[in-house]
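A.B. asks: First the structure, which I've put down as structure tokens, then a few questions once you've had a look.
Here, each number is a calculation from the coordinates, and none is a lab measurement. Everything numeric here is computed off the predicted structure, so don't read it as measured data. With ideal geometry, Cβ positions are generated from the backbone for all residues, glycine too; neighbour counts draw on all protein chains shown.
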Amino acid sequence: MGKGEFAAASLQKKRKKWQWKKEKYKKRMLKTKKKYNLLEGAPQGKGIVIEKRGVEAKQPNSGIRKCVRVQLIKNRRQLTALAPRDGAIKYIDEHDEVIVEGIGGAQGGPKGDLWGVKFRVTHVNNQALEMLRSGRKEKVKR
């Protein structure tokens, strides 16, 4: 049943109050995507390689995934990024400038058996990593 002829204002007020129970609305209004994302809401970020490291895969898989530790230029934060595919780590050296992007896991999280690795390397010294791997381009020295 209706609440009466002049009830619209109170109904709108209640609806606004209960919007905060919805996770998507809350994240959008509080801007948590920009606050807690290392790239601050951007699709890609540029950084400098600090070190190469191997990350062990989660159970039930085994193996060492080749990753690099990167310090972002825009905010000086550090992150771990995956060097995708076979032999890609050979073309990345320390102090190289790389471009990283999200790895595509659920809700911006890690993908597959990689524990805490949320990013992957796409370019090294402004050369596409895939081109370097396939031999179509050579790496430029900085």
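A.B. asks: Write out the GluC sites (Glu not before Pro) in the stretch 1-66 meeting two conditions: DSSP loop, and at most 15 other Cβ atoms within 10 Å of their Cβ. Please list the in-between numbers first.
C.D. replies: On the way: sites: 5, 23, 40, 51, 56; in loops: 5, 40.
Hits after loop and neighbour filter: 5, 40.
A.B. asks: At 37 °C and 0.692 mPa s, what whole-number value in µm²/s does Stokes-Einstein give for the translational diffusion of the chain, with Rh from the Kirkwood sum over Cα pairs?
C.D. replies: On the way: Rh = 17.7 Å.
Taking Rh from Cα pairs, D becomes 185 µm²/s.
A.B. asks: Which whole-number percent gives the relative contact order of the chain, counting Cα pairs below 8 Å spaced six or more residues apart?
C.D. replies: Numbers: 227 pairs, mean separation 25.5, N = 142.
Averaging sequence separation for qualifying contacts and normalising by length gives 18 percent for the chain.
A.B. asks: Which entries of 52/118; 13/33; 46/90; 90/139 show an alpha-carbon separation above 22 angstrom in the structure shown? Don't skip to the end; give the middle numbers.
C.D. replies: Values: 52/118 16 Å; 13/33 27 Å; 46/90 19 Å; 90/139 11 Å.
Long pairs (Cα-Cα over 22 Å): 13/33.
A.B. asks: Based on the inverse mean of 1/r over its pairs of different Cα atoms, what is the Kirkwood hydrodynamic radius of the stretch 15-99, in Å?
C.D. replies: On the way: mean 1/r = 0.0653 Å⁻¹.
Final number for the Kirkwood radius of the stretch 15-99 is 15.3 Å.
A.B. asks: Taking Cα centroids, how far is the stretch 1-37 from the stretch 100-115 in Å?
C.D. replies: 30 Å
A.B. asks: Please say if the stretch 54-122 is rounded, prolate or oblate, where rounded means a/c under 1.5 for a ≥ b ≥ c the square roots of the C-alpha gyration tensor eigenvalues, and otherwise the choice is prolate for a/b larger than b/c and oblate otherwise? All intermediate terms of the calculation are to be shown ahead of the outcome.
C.D. replies: Values: a/c = 2.03, a/b = 1.29, b/c = 1.57.
Verdict is oblate for the stretch 54-122.
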